[in-house]
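First up is the structure itself, then whatever we jot down about it.
FYI, it's all coordinate maths here, none of it is from the lab. Values in this document were obtained by computation on a predicted structure and should not be read as measured data. Cβ coordinates were reconstructed from backbone atoms using ideal geometry, including for glycine residues, and neighbour counts include every protein chain displayed.
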Amino acid sequence: EVHLSIPKETPDVPRIGLQFVLNQKFQNIQWYGRGPQENYSDRKTGAAVGIYQSSLDKFITPYVRPQENANRSDIRWIKFSSDDKQMISFEAAGAGTFSAGAWPYSQAKLENTSHDFEMVKDKQITVNIDCAQMGVGGDNSWGLPVNEPYLLKPGEYRYSFRISFPTIW
């Protein structure tokens, strides 16, 4: 269970959650949530809730200018598996959901690289399991800010999930 208290004087934050690193062999992704395309709090109504699967390479969205990508909203569970039948699973506890994303590179590399062709894969996978993530904004122009209901304001945030290592049958 994660409980985070953001003080009143703190500016809005882009994401509230935890970040994990997985071995690069966990290239197969299956999830129960919104998809199959990336989606965010203000861009999810066109993404139906269902069970989807993808490879890591197809899960990400390679924008010309590297930036946040690959988020999926309203996740009940997400599983990462390898070709040798190993798996790690993240499952929402109770009736809650979370947002999840995965990249074949670090967040630092994503933030500090100027062009997509410069994005060299790491030897690990970065996984985000988030309580919340702000919207992307740009309703009619990509220069417009995120609308007020999709900002993450100071306050109390809670979510919970289980991590397990089930065997693939």
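Beyond 23 Å between alpha-carbons counts as too far, so tell me which of LYS123/LYS153; LYS44/LYS121; LYS25/LYS58; LYS8/LYS109 fall in that bin.
Beyond 23 Å between Cα atoms: LYS123/LYS153; LYS44/LYS121; LYS8/LYS109.
To the nearest µm²/s, what D does Stokes-Einstein give for region 1-72 at 25 °C and 0.890 mPa s, using the Kirkwood radius over alpha carbon pairs as Rh?
So the translational diffusion coefficient is about 167 µm²/s.
Report Rg(Cα)/(2.2 N^0.38 Å) for region 18-127, keeping two decimals.
Cα Rg divided by the expected 2.2 N^0.38 Å: 1.04.
In whole Hz, what ³J(HN,Hα) sequence does region 116-128 give by Karplus (6.51, -1.76, 1.60; θ = phi - 60°), x for Gly and Pro?
Whole-Hz 3J(HN,Hα) from phi for region 116-128: 4, 5, 8, 7, 8, 5, 7, 8, 8, 10, 8, 10, 10.
From the P(r) of region 82-128, can you give the percent of Cα pairs sitting at distances over 15 Å?
Counting pairs separated by more than 15 Å, the tail of P(r) holds 59 percent.
Amide H neighbours of ALA70 under 5 Å, at least 5 residues apart or on other chains, H built in the peptide plane: list them.
Those qualifying (amide H under 5 Å, at least 5 residues apart or on another chain) are THR61.
Using 0.36 nm times the number of residues separating VAL64 and GLU148, minus their current alpha carbon distance, what extension gain do you get?
27.5 nm
If I stretch the segment between ASP122 and SER82 completely, what's the gain in nm (0.36 nm per residue apart, minus their alpha carbon distance), one decimal?
Length gained, ASP122 through SER82: 12.8 nm.
Quick check on packing: order 45-55, 14-24 by the mean number of other C-beta atoms within 10 Å, highest mean leading.
14-24, 45-55
Name the residue, out of LEU144, LEU110, LEU56, whose mean-square fluctuation peaks in a Gaussian network model built on the chain with Cα pairs under 10 Å.
Evaluated over the chain, the most mobile residue of the options is LEU144.
Relative contact order for the chain: what is it in percent, counting Cα pairs under 8 Å that are at least 6 residues apart?
With pairs under 8 Å counted, the relative contact order is 34 percent.
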